[in-house]
Amino acid sequence: MDILIQASQFILSLSLLIVLHEMGHFIPAKLFKTKVEKFYLFFDPWFSVFKKKIGGTEYGIGWLPLGGYVKIAGMIDESMDKEQMQQPPQPWEFRSKPAWQRLIIMVGGVTVNVILAMVIYAGMLMYYGEEYLPNENLKYGITADSTAQALGFRDGDRVVAVGDKKIERFSDISLEILLGDKGDITVERNGSTEEFSISADQKSRIIDSQKSLVGVRMPFVVAEVVDSSAAAAAGLMAGDSLTGVNGQNMAYYHEYPQYLKDKAGEEITLSFVRGGEPMQAVLQIPGEGEMKGAMGVLAHPIDRYVDFSYTRYGFFEAIPAGIQKSGKVLTDYVRQFKLIANPETGAYKHVGGFLMIANQYSTDWDWQRFWAFTAFLSIMLAFLNILPIPALDGGHVVFVLWEMITGRKPPEKVLEYAQIVGFVILLALIVLANGNDILKLFK
């Protein structure tokens with residue numbers, strides 16, 4: 001059932017993005033009186049699931065959900081319709097239109113993707129508002145796992161800056177470390193300032209770990225004791241503040257799971273404070289069953305110890321905020337693309353395809369997450385489509401711009417060969433991304 005819900009959200013999101021992207025080509029083509037022969041959601045090699053001809057255009061749904069297309073008469077595209085191109089140009093064909101009209105037709109899809117992201121983000125800011133954790137509000141600093149500690153971080157650090165950028169939001173720490181051009185990290189530690197650097201090879205280790213680099217450090221105060229657990233048997237109560245185990249000082253929540261994992265089936269002496277008084281209790285940690293390696297207590301959530309910032313936007317505030325958020329997402333995605341393109345980081349090994357994208361959706365029908373990820377995908381598709389690769393919108397744009405600058409059209413043979421090269425590049429990228437997905441399934 002979880003897979004079905006994720007797949008349904010993925011297909012709905014993908015369909016919305018494809019239809020609106022192709023509408024971005026379709027509408028200006030129609031406005032400039034250019035014949036559009038086909039408008040398809042998904043590809044239709046050999047056969048289509050549905051098709052209907054209206055006003056000279058065949059509208060349909062293909063069976064291969066790898067994208068969609070509009071087939072514009074007189075244009076060398078994925079259809080590779082050489083027979084049509086050998087005929088004399090007709091006034092309603094793409095190739096007969098002025099270069100500026102062809103340029104508008106080609107950038108229409110990308111333009112719609114960008115506008116769609118802005119609209120979604122603005123709508124989300126109005127409806128849901130925006131919540132984030134200001135970096136300055138981390139009262140107890142960060143937690144650093146083994147990967148982070150190997151890089152130079154320590155529990156309790158307060159990350160001040162990455163490179164030249166001051167860290168304003170906690171969520172930006174890992175992002176800036178991975179995507180920043182400069183690997184210099186500035187932290188506050190025990191009242192003084194420390195600096196260290198992270199190399200491309202170390203970034204590779206962060207990527208390979210597939211974990212969050214840092215977390216929020218907070219005390220371990222018991223919120224609830226699970227019935228019939230080791231903690232319940234030892235008399236622990238809600239409100240107890242844990243301070244250590246077996247004589248070791250352990251005042252923070254993140255220290256317990258790893259320590260207790262190795263104590264399954266053993267007896268431990270737990271130190272805690274109740275009502276201002278230090279106390280101890282002996283717990284028998286289960287060695288098997290659902291509670292294996294667990295004390296049986298639940299901690300308070302993070303927002304008990306740190307203050308989140310929350311803003312809800314009005315209509316006129318949400319529009320510029322949505323545009324700004326789209327710009328930041330696009331900028332971060334371009335930086336991520338540069339990281340993937342750098343073979344030293346090994347990030348290309350973690351590029352995912354359709355399975356990875358589908359897994360980003362919630363196993364429950366979560367509209368907030370759905371719209372947020374749809375907006376991100378819209379930005380991603382806009383950027384990828386405008387890359388100067390033949391067979392993509394950006395490849396067509398390059399040739400039109402060349403014509404506008406030089407006053408000469410590229411030979412049709414050049415366009416045909418470029419389209420073939422573009423298909424090979426796209427196929428290689430699809431194989432890489434989805435191949436990584438398959439490898440992860442076996443792992």
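The values are calculated or read from the model by the stated rules, or taken from the named source; none is laboratory data. No experiment lies behind these values; they were computed from the predicted model shown. Because the Cβ atoms are built from the backbone with ideal geometry, glycine has one as well, and the counts that use them run over all protein chains shown.
Residue-by-condition table, conditions (1) touching a Ser or Thr at 6+ places or on another chain (Cβ under 6 Å); (2) in a loop (DSSP other than H, G, I, E, B); (3) within 14 Å of A144 (Cβ to Cβ); (4) polar (S, T, N, Q):
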| position | (1), (2), (3), (4) |
| --- | --- |
| L175 | no, no, no, no |
| D181 | no, yes, no, no |
| G215 | yes, no, yes, no |
| E224 | no, no, no, no |
| A232 | no, no, no, no |
| G239 | no, yes, no, no |
| L242 | no, no, no, no |
Going through segment 156-179 one residue at a time, which ones are surrounded by fewer than 17 Cβ atoms within 10 Å (Cβ to Cβ) and touching a residue at least 60 places away in the same chain (Cβ under 8 Å)? L175
Y121 fails exactly one of (1) of a type in the set (F, W, Y); (2) closer than 30 Å to K71 by Cβ; (3) modelled with pLDDT of 95 or more, namely (2)
Of all residues in segment 91-103, which are buried (at least 18 other Cβ atoms within 10 Å of the Cβ) and either within 17 Å of S174 (Cα to Cα) or of a type outside the set (D, E) (or both)? F94, R95, K97, Q101, R102, L103
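Could you look through segment 129-153, keep only residues that are under 30 Å from L20 (Cα atoms) and under 19 Å from the mean Cα position of the chain (by Cα), and pick out the one that is surrounded by the fewest Cβ atoms within 10 Å (Cβ to Cβ)?
Only one residue fits best here, namely E131.
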Could you look through segment 76-106, keep only residues that are at pLDDT 85 or above and in contact with a Pro (Cβ under 6 Å, 6 or more places away or on another chain), and pick out the one that is farthest from H21 (Cα to Cα)? S96
For segment 140-191, which positions are farther than 27 Å from F220 by Cβ and hydroxyl-bearing (S, T, Y)? T186
From the list Y40, Y59, which one is at pLDDT 90 or above, more than 25 Å from M380 (Cα to Cα), in the same structural domain as A391 (by TED's automatic domain parsing) and in a strand (DSSP E or B)? Y59
Which is under 30 Å from L66 (Cα atoms) and either loosely packed, with under 15 Cβ neighbours inside 10 Å or modelled with pLDDT of 90 or more (or both), of T331, T269? T331
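Sort out which residues of segment 31-57 are touching a Ser or Thr at 6+ places or on another chain (Cβ under 9 Å) and closer than 28 Å to W100 by Cβ, and write them in order of number.
T34, K35, V36, E37, K38, F39, Y40
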Which residues, taken from segment 272-288, are over 15 Å from D240 (Cβ atoms) and surrounded by fewer than 15 Cβ atoms within 10 Å (Cβ to Cβ)? Q284, G287, E288
Determine whether segment 62-75 contains at least one residue that is in a helix (DSSP H, G or I), modelled with pLDDT under 85 and of a type outside the set (A, V, I, L, M, F, W, C). no
Answer with yes or no whether I5 is closer than 22 Å to W365 by Cβ and at pLDDT below 90. yes
Condition first: assigned to a loop (DSSP other than H, G, I, E, B), at positive phi and buried (at least 18 other Cβ atoms within 10 Å of the Cβ). Can you find one or more residues in segment 23-37 that meet it? no
Take K53 and tell me if it is out of contact with any Lys or Arg (no Cβ under 7 Å at 6 or more places or on another chain), modelled with pLDDT of 90 or more, over 14 Å from H21 (Cβ atoms) and not in a helix (DSSP H, G or I). yes
